[in-house]
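Accompanying notes for the structure given below.
The values are calculated or read from the model by the stated rules, or taken from the named source; none is laboratory data. The structure displayed is predicted, hence computed values, not measured ones. With ideal geometry, Cβ positions are generated from the backbone for all residues, glycine too; neighbour counts draw on all protein chains shown. Keep in mind that these areas ignore ligands, DNA and RNA; they rest on the heavy atoms of the full protein, side chains included. Shrake-Rupley method; radii C 1.70, N 1.55, O 1.52, S 1.80 Å.
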Amino acid sequence: MMEIGLNHYLVLSTILFAIGLVGVMRRKNLLMLFFATEILLNSVNISFAAISHYYGDLTGQMFAFFVIAIAASEVAVGLGLLIVWHKKHNNIDLDSMSTMRG
Amino acid sequence: MFEAVAFYLFAFLTISMFYVAVTTSQALYALSSLAAGMIFISAFFFILGADFLGAVQIVVYSGAVMALYAFGMMFFDTTRDVKEKQGNKAIILGLSVISALLIVVIVAAPIVGSNIEALYPVTEGAGNTQEVGMILFTKYLVPFEVAAVMLLVAMIAGIVLAGKKMDLSLTLMNEQEILRMREEDKNKKVLS
C-alpha cells in the first residue's frame, strides 16, 4: 500500500484514460472534444514516464516528448479549422458536420 | 512514505480535475480545470525523476496549449451551456472502462511475461536533463528534426486557416471603409 510501484501508475493512467474516453463519447461540442483528447494524451504520458523510471530506460521519456509535440501541433491545426468552421456555420457542434457537403 | 502521500494526493487531484473538465457544461470551467489537471500531472513527472519532462509539461501544456485554447474560445460563444449527446450513460461508461482495461492488459501482458532490458540505460552521475540531451541528440536526432518540421507545418497551417482577413485592422479604417467591407461580405454570403 505504501510502496508505490509501476502498477499504481498504470492504474492511474487507466483511470485517466477512461475519463478521457467518456469525454470523447459524450461531448457534442468540438472544443470540449479537444479537451478530452488532451486528457487521453496526458494519461498515456504518465504511463510512459512511469515505465521509463521503473525500467531505468529513457526511451519512454523520449516518446512522451514526441507525444507532447504532436499534441501541440494538433491543437494549432484543429483550432484553425474550428475557427474557419465557426465563421462559416456559426456553431461548432458535431451534429452540423454529419454530412460532408462543404 | 513521502512518495506515497504525494502520489495519492496528486492522483486524487488529477482525477477530480479531469472529471470536472469532462462533465461540466460550462466551457470556462472545463478550460480552467483542464489547465489545473495538466499542472498536477507534471507533479507525477517530478516524482518519477523526469524533471525535464515535468518542466516541458508545464511550459507547453499549461503555457502554450492552454493559451491557444483561451484565444480560440474568444472566437466562440462560450457563455451558453454546452449541449450533450443523449445516449445511454451506463453503456457508454461500461464500454469505455472495458476498453481502457483491455488496452492496459494488452500492453502489460508482454512486459509481465518477459524480462526486458533497458535499451538506453540511465547514465550514472548525470542529471535528468543531461541524460535527455544525450539520448535525444544521438539516438533520436532524426525524429527530433522531423518533429521540428511537423511543428513548423502546423504553425503555418494554423496561421493560414485562422488568419484570414487579419491583415485588415478595424481601428485603422474609417467608418465608410468598414461599412463597405461589411456590404461586400453580405453580398458574398448571398451569392454562395
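When the accessible areas of A alone and B alone are added and the area of the pair subtracted, with a 1.4 Å probe, the result is around 6800 Å², both sides summed. In this structure, the amide hydrogen of B:T24, modeled 1.01 Å from its nitrogen in the peptide plane, lies closer than 5 angstrom to no residue at least 5 positions away or on a different chain. Shown in residue order for the range B:131-138 are the 3J(HN,Hα) couplings computed by the Karplus curve 6.51 cos²θ - 1.76 cosθ + 1.60 at θ = phi - 60°: 4, 4, x, 5, 6, 5, 9, 10 Hz (x for Gly and Pro). Here's how it looks for A:K28: its modeled amide H is under 5 Å from those of B:K85, which are all 5 or more places away or on a different chain. On the beta carbon distance between A:L94 and A:H8, with R0 = 51 Å, the FRET formula returns roughly 0.90. 3J(HN,Hα) couplings calculated from phi for the range A:80-96 with the Karplus curve 6.51 cos²θ - 1.76 cosθ + 1.60 (θ = phi - 60°) are, in sequence order, x, 5, 5, 5, 4, 5, 5, 5, 7, 10, 6, 8, 10, 7, 5, 5, 6 Hz; Gly and Pro show x. Model label points for B:L28 and B:F144, set 7 angstrom from Cα along the Cα-to-Cβ axis, are 4.2 nm apart.
The share of Cα pairs per 10 Å bin across chain A, counted from zero up to the longest distance, runs 14, 35, 28, 15, 7, 1 percent. The simple spin-label model puts a point 7 Å past each Cα toward its Cβ; for B:A126 and A:K87 those points are separated by 4.7 nm. Projecting the Cα atoms of B:L172, B:V105, B:I39 onto the dipole axis of the protein assembly as shown, where Lys and Arg carry +1 and Asp and Glu carry -1 at the beta carbon, places B:L172 farthest toward the positive end.
Computed per residue of the protein assembly as shown from DSSP H runs no shorter than four, each worth -39500 (n - 2.57), the mean residue ellipticity at 222 nm is -24500 deg cm²/dmol.
How much FRET efficiency would the formula 1/(1 + (r/R0)^6) give for B:V5 and B:F75, where r is the Cβ-Cβ distance and R0 is 45 Å, rounded to 0.05? The pair B:V5/B:F75 has a calculated efficiency of 0.60. Using only Cα atoms, tell me the angle between helix A:6-26 and the longest principal axis of chain A; keep it within 0 to 90° and round to the nearest 10. Computed tilt is about 10 degrees. Taking 0.36 nm per residue of sequence separation and removing the Cα-Cα distance, the B:A108/B:S16 pair yields an extension gain of 30.6 nm. For the range A:57-89, the residues whose backbone nitrogen is under 12 Å from a point 7 Å from the Cα of B:M134, taken along Cα to Cβ, are A:58. The convex hull around the C-alpha trace of the protein assembly as shown, projected and averaged over every direction, spans 19.4 square nanometres.
Placing dummy labels 7 Å off each Cα toward the beta-carbon, the span from B:M155 to B:M173 is 2.9 nm. Against the longest alpha carbon principal axis of chain A, how many degrees, from 0 to 90 and to the nearest 10, is the axis of helix A:30-54 turned? Helix A:30-54 sits at roughly 20 degrees to that axis.
In angstrom, the C-alpha Rg and Dmax of the range B:1-83 are 14.4, 47.
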